[in-house]
1. What residue, among those in the range 620-641 that are more than 25 Å from Leu568 (Cα to Cα) and in a helix (DSSP H, G or I), is modelled with the highest pLDDT?
2. Is it true that Lys311 is assigned to a helix (DSSP H, G or I) and either loosely packed, with under 15 Cβ neighbours inside 10 Å or within 34 Å of the chain's Cα centre (by Cα) (or both)?
3. Among (1) more than 30 Å from Leu297 (Cβ to Cβ); (2) out of contact with any Phe, Trp or Tyr (no Cβ under 7 Å at 6 or more places or on another chain); (3) free of Cβ contacts under 8 Å to residues at least 60 places away in the same chain, there is one condition Leu395 misses while meeting the rest; what is its number?
4. What are the residue pairs meeting all of these: first residue in the range 734-762, first residue closer than 25 Å to Asn547 by Cβ and modelled with pLDDT of 70 or more, second residue in a helix (DSSP H, G or I) and of a type in the set (A, V, I, L, M, F, W, C), Cβ atoms under 7 Å, and 6 or more apart or on different chains?
5. If we scan the range 453-473, do we find a residue that is within 30 Å of Asp392 (Cβ to Cβ) and at pLDDT below 95?
6. For Ile382, all conditions in the list (1) closer than 30 Å to Asp298 by Cβ; (2) in contact with a helix residue (DSSP H, G or I) (Cβ under 6 Å, 6 or more places away or on another chain) hold save one; what is the number of the exception?
7. Quick one: in the range 682-715, which of the residues that are at pLDDT 85 or above and in contact with a helix residue (DSSP H, G or I) (Cβ under 7 Å, 6 or more places away or on another chain) is nearest to Ser557 (Cα to Cα)?
8. Quick one: count up the residues across the range 204-242 that are under 15 Å from the mean Cα position of the chain (by Cα) and either in contact (Cβ under 8 Å) with a residue 60 or more places away in the chain or within 19 Å of Tyr507 (Cα to Cα) (or both).
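The values are calculated or read from the model by the stated rules, or taken from the named source; none is laboratory data. Worth saying up front: this structure is predicted, and the values here are computed from it rather than measured. FYI the Cβ positions are ideal-geometry reconstructions off the backbone, even for glycines, and counts take in every protein chain you see. Remember, those area values only see protein heavy atoms, side chains included, never the ligands or the DNA or RNA. Shrake-Rupley method; radii C 1.70, N 1.55, O 1.52, S 1.80 Å.
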Amino acid sequence: MEEDAGERSSFVVGFIENRAKEVGVAAFDLRSASLHLSQYIETSSSYQNTKTLLQFYEPMVIIVSPNKLAADGMVGVSQLADRVCSSTKKVIMARGCFDDTRGAVLVKGLAAKEPSALGLDSYYKQYYLCLAAAAATIKWIEAEKGVIITNHSLLVTFNGSFDHMNIDSTSVQNLEIIEPMHASLLGTNNKKRSLFHMLKTTRTIGGTRLLRANLLQPLKDIETINTRLDCLDELMSNEQLFFGLSQALRKFPKETDRVLCHFCFKPKRVTNEVLASDNGRRSQIMISSIILLKTALDALPLLSKVLKEAKSCLLGNVYKTICENEKYTSIRKRIGEVIDEDVLHTRVPFVARTQQCFAVKAGADGLLDMARRSFCDTSEAIHSLANKYRQDFKLPNLKIPFNNRQGFYFSIPQKDIQGKLPSKFIQVVKHGNNVHCSSLELASLNVRNKSAAKECWLRTALCLEALMDAIREDVSVLTVLSEVLCLLDMMVNSFAHTISTKPVDRYTRARFTCDGPLAIDSGRHPILESIHNDFIPNGIFLSEASNMAIVMGPNMSGKSTYLQQVCLMVILAQIGCYIPARFATLRVVDRIFTRMGTMDSLESNSSTFMTEMKEMAFIMQNVSHRSLIVMDELGRATSSSDGLAIAWSCCEHLLALKAYSIFATHMENLSALSTMYPNVKILHFDVDVRNNRMDFKFQLKDGSRHVPHYGLMLAGVAGLPSSVVETAKRITSRITEKEMKRMEVNCRQYEDVQLIYRVAQRLMCLKYSDQDEDSLREALQNLKENYIGGRL
C-alpha cells in the first residue's frame, strides 16, 4: 500500500490508556500487513515504556482517544505523543471507536493464524485495551485508505514488545545501537559508528527493517537464538551454501516484502467519478505487484536447489515450508495463464511502464490491444522527434531520458551548445554538465503517451481482477514467503557477510544458560574494533555469587567504552549473531538499563543531577533478576559526600538482587564495598605514570589500583598554575592516607568471610560447567587444597 515508503516507517499506531496506568497499543504495518498488539502497566511518570515503543515503531500516524486525563503525576499518552513525536500526524478518534469487543471480532477474522493458535480466547480479558486500540486503528486505515482488509491475511502478534529483551530509549541512545550519539553534529560520515549501520549490509528493505527491529528488541528464547546460531554455523562452515544463498537472494526483488500488502487490501467499490483521478495509479500498483510476485516466484526454484542439502533446522524448515509447498507452484501457474512469460520486475522507470502495459498476454482484451498500439506509437514518435532534433539543431549527443514525474525530456551536454539554445526548447534547467529541457511537441507527446499508458493500466486491471481474487485466497502463504525472505536476508547478507569480512576466528558463538554466569573472554567493541586495528580486548565475569563489578580508572582509560562493549556483545549474541570474543557464555538478559553521560534536560526543567536521579529511579522500579545494569558514574553532579552516599546506597540495593551490574566510577571510596560484600568484584584499567604523564594501557585487571593525583596531572596539562596544583596535591595526600588506613582495617575484619564466599563462587561455577566426572573431581580437589593453603 505504501508504494514509495522506502526504509521510512509505514506503521499506524493506536494508543489508549485507563486510570490504572495501563496502556494498550496496536501497531499496524501497512508495508508488511502485520498487526502488533501490546498491553502493559506504565511504572514511570515519564512514560518510558511508551517512549521505547514509539522509538521502535517510528509511526507515520498516531491514533489516540480525546480523553487526555491521566493518573496523578502521569503526563498522558496523548500529551506524550505531542512532545515526543511532534512532527508525526496525530489523529483523535471518538472514544466509541476504541471498542474491545469489536477489536476481538476483527482480529479473529483478519488473522492469518487460527484464533486458537493466537491464544485469543485466553488473552481476550487480559488484552482488552490493545484490542480496543486495534479496532480504532483498523477502522481508520479502512476509511482513510479506501480499502477492505482481506480475511485471514494479517500476521498478528500479541505482546510483541515484551516477548523480547527490552531496551529503553535512553539506553538505545547511550549504546549507539541505531545512531551514534551527537550524530547531527558529527555529520553523515560518522554513520558507521552505530551497531545498526555496521550490520546494515542487507539487500532488501524488509531485511533492513527486520535487522533494526531485532537490534531494538533482541530475542529472549534460548531455543530460537540457538536455532539462528546453528544456521550461522552452517553458513560459515559451508562456503558453497553461503555463496549459493547470496546469489539466490539477489534474484528476489528488493520490494518483495511489500508486495504482500497489495493482496491483503482490497479497494472498496465506489463510483468511478470518485476514483477517476486515482484509478490509473491504483491499477498501476496492482499490475506492478503481480509482476513483482511473478518475479519472486520465478526465483524460488534456485532457492530450492541451494537449500536442498542444508542441514540446520532453520534452513531445513525454510525448505519444507517454502520450497515443498505446492501452493506457490499453483499461484505461479495461475499467473502464467494470464501474464506474459517475458514480463519481469524492473526498477528502470520506462522499462517498468512498458512491462506494466504489456503484462497481460496479447488477445485477452481488444480495447487493451488498441491502447497498447497507441502507447507504442507515441513512444516511437518521441524517439523520432529526438532524432529529428539531433539533425536539425546539430546536437548528436542529445539524449531522451525518462522519469515517472516528468515523463520524457531532453538531456544535452553543455559542450555541444554553441551560444544559446534554439527558442523551440523550453523549461531549460542546468543539471551538472548537462542541460535538461523539453519542447511543446515533446510535452504534447508526453501527455498522449501517459494517457495511453493509463488506459492500458485500467484495461489490464480489469483483466487481472479474477487473478487477484484467486491469489487472495492463498494470501497467508505469501505472508510466510515475505517473512522467510526477510529472515534469510538478515542471516545471510548481514550476519554471515559481516563475520566473513573479519579475520578468521575473530568472532565466536556464544553459549546460553538460564541461570549461569555472564563470562566473556577477550571481548572487543564490535564498532570500534573496525576503526582501530590494535583494539585491546578485555573480558568480563559475573555470576550469582559475584553479580557486581566496579570498574575504576582515570579519565580516558577506557571505562565508558568497556561498558558499551559488554552491552553490545550481549545484544549481538541475543539476536543470533556471533560476537567479537575468544569465548563467551551468557545468561539470557531480559532488560538492559544504562546510566551514562551527564547533561541538563532543559525541556523537562531538570538539572544534570535530577536527570541522573530520574534515570536511576526508572532502573530501580523496573529491574528484574535477569537484567543487566550498566552505570557510568553516579552522583558526581552533586556534592561529593551526597554523591558517594547515593552511589553506595544504589550499589547496596542492586547487590540484594540477582541482576548483573557493572559500575564505572572515579570514587575510590566505593572500592570499600568489596571488603563488606563478597559478591562485589573490583576491577581497574591499567595506567603507567611516568614523569607526571599517564600512559594508558586500556587493559582491564583485577583489584583496585590507586593512581595518585591523576586529576591533578590533567589539571597541570590544562594550564593551572603550578602553585595551585602543588597545594591540591598536599591536601589530597592527607585525605588519601586516612582512607587507606580505614580500608586496611576493613580488609582484615572481613577476610574470613571473603575466603568462604570465594569457595562458594567457584562451586557455583562448577555447577554450570559441562566437564566430565573425573575433571570435576580434580577441580574439587584443587579447590580443597587451595582453601586449606589459603591461596584463594
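1. Ser641
2. In short, no.
3. (2)
4. As it stands, the answer is Val759/Leu783; Arg762/Leu783, since those pairs meet every condition given.
5. If we filter the range 453-473 for residues that are within 30 Å of Asp392 (Cβ to Cβ), which is where we start, we get 453.
Narrowing further to those that are at pLDDT below 95: 453.
Yes, because at least one residue in the range 453-473 is within 30 Å of Asp392 (Cβ to Cβ) and at pLDDT below 95.
6. (1)
7. Phe685
8. 15
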